[in-house]
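Student: Right, I'll just put the structure down here and ask away after.
The values are calculated or read from the model by the stated rules, or taken from the named source; none is laboratory data. Note that the coordinates shown come from a computational prediction; the quantities given were computed from them, not determined experimentally. Using ideal geometry, Cβ is built from the backbone for each residue, glycine included, and neighbour counts are taken over all protein chains shown. The area values use the complete protein model at the heavy-atom level, side chains included, leaving out ligands, DNA and RNA. Shrake-Rupley method; radii C 1.70, N 1.55, O 1.52, S 1.80 Å.
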Amino acid sequence: MDPLSEARNAPGGPLRKALALIEELAGADRAISLSDLARRCGQPKSSVHRVLGVLADLNLVTPSEGGFVLGDHLFDITQRSEQARAERLRRLFKPLLIELQDRTRGVVALGVLSGTQVRYVELLYRHDLTEYVQRQPLLHPAASTATGRALLAFRPDLPERIGEFAATASARPEQLMLDLRTVRERDMAIVTKDAAHGGSAMAVPVRIGGQMPYVAIGVACPGQLDLPRTTIALRRVATMAAALATTRLTGMTSDRGAS
């Protein structure tokens with residue numbers, strides 16, 4: 001039997017067709033017409049039309065000028081998933097973050113990327129730093145902060161998007177790229193005069209299971225950080241956090257496989 005016939009007769013045929021269409025739309029930077037979708041997926045136009053109708057009813061795809069694009073429902077699902085992941089890590093890392101705050105006496109942050117910005121899912125600080133922290137929004141241009149740079153430096157799409165990231169921080173793309181290369185080499189971002197916070201900050205990415213860093217842990221203060229002391233404490237906590245999350249995630253995967 002030829003591969004095309006095998007694909008047609010494989011279990012879950014309608015679902016496979018729907019996923020093929022969604023994948024094509026996800027990889028496109030503009031709307032794709034019905035004819036182009038049928039050609040790219042190797043499906044009859046009438047079949048593609050029927051599947052698109054169902055996907056549109058579910059808001060998984062949306063008719064647009066020139067064809068179809070992904071619907072908002074997929075973005076909503078992804079956002080909820082990312083928020084849930086960040087919350088799980090926040091709870092898992094909380095004791096380590098408390099320890100780091102005790103050792104450094106600065107503002108300890110757990111941050112994730114949100115588009116071109118960094119979002120803090122946890123902030124720990126002393127009472128006397130309350131005013132400094134409350135002046136800060138929960139979203140900052142990622143390129144302006146140590147936590148954001150610790151994550152931006154490892155993005156695979158950085159060369160294509162460097163101009164976009166630089167624009168949010170009023171930085172020159174060439175200089176930002178050089179700065180982020182240094183972050184990659186050091187595996188740490190240091191900002192001695194933080195453009196976003198008005199103080200100094202440093203951050204390291206947390207590597208979970210060998211994946212691209214998803215979260216970063218940072219320490220900031222209104223004045224100057226004790227760099228040697230903070231570096232040791234920060235790297236120690238980040239290493240422990242990575243090991244903890246990797247073990248926990250591996251355990252969850254093993255449990256699901258056994259069931």
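Student: Output the residue which, of all residues in the range 151-191 that are on the phi < 0 side of the Ramachandran plot and polar (S, T, N, Q), is most open to solvent (accessible area, probe 1.4 Å).
Tutor: 175
Student: OK, next. Would you mind stating whether residue 111 is open to solvent by less than 50 Å² (accessible area, probe 1.4 Å), among the small types (Gly, Ala, Ser), in contact (Cβ under 8 Å) with a residue 12 or more places away in the chain and over 26 Å from residue 200 (Cα atoms)?
Tutor: no
Residue-by-condition table, conditions (1) among the polar types (S, T, N, Q); (2) modelled with pLDDT of 85 or more; (3) open to solvent by 80 Å² or more (accessible area, probe 1.4 Å):
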residue: 41; (1), (2), (3): no, yes, no
residue: 57; (1), (2), (3): no, yes, yes
residue: 62; (1), (2), (3): yes, yes, no
residue: 68; (1), (2), (3): no, yes, no
residue: 81; (1), (2), (3): yes, no, no
residue: 85; (1), (2), (3): no, no, no
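Student: If we scan the range 80-91, do we find a residue that is outside any helix (DSSP H, G or I) and over 23 Å from residue 238 (Cα atoms)?
Tutor: Checking the range 80-91: not a single residue is outside any helix (DSSP H, G or I) and over 23 Å from residue 238 (Cα atoms).
Student: Return only the number of the condition from (1) of a type in the set (Gly, Ala, Ser); (2) in contact with a Cys (Cβ under 9 Å, 6 or more places away or on another chain); (3) open to solvent by 50 Å² or more (accessible area, probe 1.4 Å) that residue 106 does not satisfy.
Tutor: Only one criterion is unmet by residue 106, namely (3).
Student: Return the residues of the range 233-258 that are open to solvent by less than 80 Å² (accessible area, probe 1.4 Å) and at pLDDT 65 or above; say none if nothing qualifies.
Tutor: If the condition is that a residue be open to solvent by less than 80 Å² (accessible area, probe 1.4 Å) and at pLDDT 65 or above, then 233, 234, 237, 238, 240, 241, 242, 243, 244, 245, 246 are the ones that fit.
Student: How do the pairs read when you match residues in the range 235-249 that are more than 13 Å from residue 218 (Cα to Cα) with residues anywhere that are open to solvent by 60 Å² or more (accessible area, probe 1.4 Å), using Cβ under 7 Å and keeping only pairs 6 or more apart or on different chains?
Tutor: Every condition considered, the pairs that remain are 242/207.
Student: Which of the residues belonging to the range 106-118 are part of a loop (DSSP other than H, G, I, E, B) and in contact with a Leu (Cβ under 7 Å, 6 or more places away or on another chain)? I'd like the intermediate steps shown before the answer.
Tutor: Taking the range 106-118 as the starting set, the residues that turn out to be part of a loop (DSSP other than H, G, I, E, B) are 106, 115-116.
Correct list: 106 only.
Student: Restricting the search to the range 206-222, which residues are at pLDDT below 85 and either over 22 Å from residue 182 (Cβ atoms) or surrounded by 14 or more Cβ atoms within 10 Å (Cβ to Cβ) (or both)?
Tutor: 209, 210, 211
Student: Would you point out the residue of the range 195-205, among those that are in contact (Cβ under 8 Å) with a residue 60 or more places away in the chain and in contact with a helix residue (DSSP H, G or I) (Cβ under 7 Å, 6 or more places away or on another chain), that is surrounded by the most Cβ atoms within 10 Å (Cβ to Cβ)?
Tutor: The qualifying residue surrounded by the most Cβ atoms within 10 Å (Cβ to Cβ) is 203.
Student: Now a separate question. Taking the condition β-branched (Val, Ile, Thr), surrounded by 16 or more Cβ atoms within 10 Å (Cβ to Cβ) and outside any helix (DSSP H, G or I), does residue 121 pass?
Tutor: yes
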